[in-house]
1. Taking the Kirkwood radius as the inverse of the mean 1/r across Cα pairs, report the Rg/Rh of the range B:3-77.
2. What are the ³J(HN,Hα) couplings of the range A:231-238, residue after residue, when phi is run through the Karplus curve with 6.51, -1.76, 1.60 and θ = phi - 60°? Round to Hz, x for glycine and proline.
3. What list of ³J(HN,Hα) couplings, whole Hz, do you get for the range C:88-98 from phi and the Karplus terms 6.51, -1.76, 1.60, once you set θ to phi - 60° and write x for glycine and proline?
4. Please get the size of the charge dipole for the range A:219-306, origin at its Cα centre, with Cβ charges of +1 on Lys and Arg and -1 on Asp and Glu, quoted in debye to the nearest 20.
5. Shape call for the range C:13-62 from the C-alpha gyration tensor, a ≥ b ≥ c root eigenvalues: rounded (a/c under 1.5), prolate (a/b greater than b/c) or oblate?
6. Any idea what the dipole of the protein assembly as shown comes to, in debye rounded to 20, about its Cα centre with Lys/Arg Cβ at +1 and Asp/Glu Cβ at -1?
7. Taking only the alpha-carbon atoms of the protein assembly as shown, what semi-axes of the equivalent ellipsoid follow from 5 times the gyration tensor eigenvalues under a square root, in whole Å, largest first?
8. Under 1.5 on a/c is rounded, so check that first for the range C:1-84, then, if it is not, pick prolate when a/b is larger than b/c and oblate when it is not; a ≥ b ≥ c are the square roots of the alpha carbon gyration tensor eigenvalues.
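No value in this document is a laboratory result; all are computed from the given coordinates. If you're wondering where the values come from, they're calculated on a predicted model, not measured in any experiment. As a convention, Cβ positions derive from the backbone with ideal geometry for all residues, glycine included, and neighbour counts pool all protein chains shown.
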Amino acid sequence: MKNAFQRWLDGDIDLMANISDAAREHDHARADIKERDKKIAREIDSRRETVLMIAREREGLKMVYDVIAVICCVLVILVFMYIIAQLPLYGAENVRATTVAERYIEHGLEETGAINIVSGMILDYRAFDTLGESHVLFTALICVMILLRVDSKNQRKGFEDYYATMRETYFASEKDTILRTIGIFLVPCIFVYGIYVLLNGQNSPGGGFSGGAIMGAAMIIFTSAFGFDRVDRFFTLKLQTYVTFVALSFYSFAKGYVFFTGANGLENHIPKGTPGAILSGGLILPLDVAVGLVVACTMFGFYSLFRRGQIGGSLGRINS
Amino acid sequence: MDLSEIFKIILIVLLIGCAVAVNLTPSLLQAVIIFMSYSSVMCLLWILMESPDLAITEAAVGAGVSGLLFLVTLKKIRREDENAEPGETGPAEGKGSRR
Amino acid sequence: MMEWIRFWITAVLLVCGLISFAAGVIGNCRFNYVMNRMHAGGVGDTQGLLLVVLAVAVSAGSIMDAAKLFLLVVFMWNTSPVSSHFLSQIEYYTNPKLFDHMERL
């Protein structure tokens, strides 16, 4: 009688067969172990003494946990206050802290072409850091998708959520006339405002992140007012994938070389234009658009995944 | 000590109060709403420190989308109170009726 | 002379706006039932906002700035009543003890 390792060596079993996402039947050994564990747990829970003992242990542990938590919090607060007490005051003269900042403030306008020095700094002097941030947003969206996506294996079937679905359709906000009328006026205004904040990133406060967040919020209001069916007509999974991929790869190719050449970078010969116009600042405007698109897709992707477990409409109407 | 400093100190005390109150409220829905108000006070502080980029982003993300995602999570686990069980209630028991 | 009138009009409107907001906040904390609290909260968003924005518009530099401030009022007056509408609708449909709170005439 061979054990599992010898069977795998001889080629009798294939370990990868049950790991792929499209597997329809469960791994039998895993299901048996789960059932056996459930039976043992039920047996243990049915005895009264163990239940009382576990409750008493949990009480004692809670007290210890509370005391240790308070002590750790107070220690962290003291350490932070000690560090902050050694920083220079807000706005005081300090050569150690402001050498680089002086260079950015004095030569910022002529080197980057942006009136908003903050935008010029995060998208021109420090563009590589913003590249990392955009990738972090994309990674967050992928992680949420892994955790929350509903595919055919864990789609809820049957009537276990009958009351939940009844309540959802009873209180659905898509059927409300007031919200729909206001939405017709409101959603274009917020969307255009988001595009305005995005495009004027180098001239006034705003930029990629703010504009993208406002556009994402506009999409969320549109979904609440008109329903997911209307949104699925233009915001599919394919569109979201392509938009994020194109935006991130454009940003990577435009500023990824900084990793090898240092923070000053090579000279880019894109004209800087007159400060104050929209088409100014060299490469800042296209990078702003890329970052804004990634942020908007991420915001709306989060909302859609939380509400119904999918981004496009590919799996049909699922109980939300 | 001029007036703007006093205003900043009042806002910071309010911030600490919000942060402590999030933990101590009995109801999860109240905790989420206090979390959103924390973000709003933070947005005011960013404006007082002369950084409007951060203020716009904090208002849109903290008080907007992040709080909204918390509320959607509360709806999904159907648990508005810390000690209540996930809902076995039937459809709405109110007195009104849909037209 | 002009500056003096403008200062006093701004001050009076601002104080009235702050009183409206204070009434809304105090009502929000002291009332017992959801419908009453909704009524108190709505005062701040509509009347308080209008008075404060009028005060700032009177003391603004140019007519264009004042007009932009009224766009703010238009936006807030469109969105805040919708949220009040939804909250009170949910309260009406899901609270089984609502009719005990009301006086029947």
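1. 1.04
2. Calculated HN-Hα couplings, in order: 5, 5, 6, 10, 10, 9, 5, 5 Hz.
3. Coupling constants for the range C:88-98: 6, 5, 4, 4, 5, 8, 10, 9, x, 9, 5 Hz.
4. 60 debye
5. prolate
6. Here the protein assembly as shown has a charge dipole of around 1600 debye.
7. Largest first, the protein assembly as shown gives 44, 36, 27 Å.
8. Judged from the Cα gyration tensor, the range C:1-84 comes out oblate (a/c at least 1.5, b/c at or above a/b).
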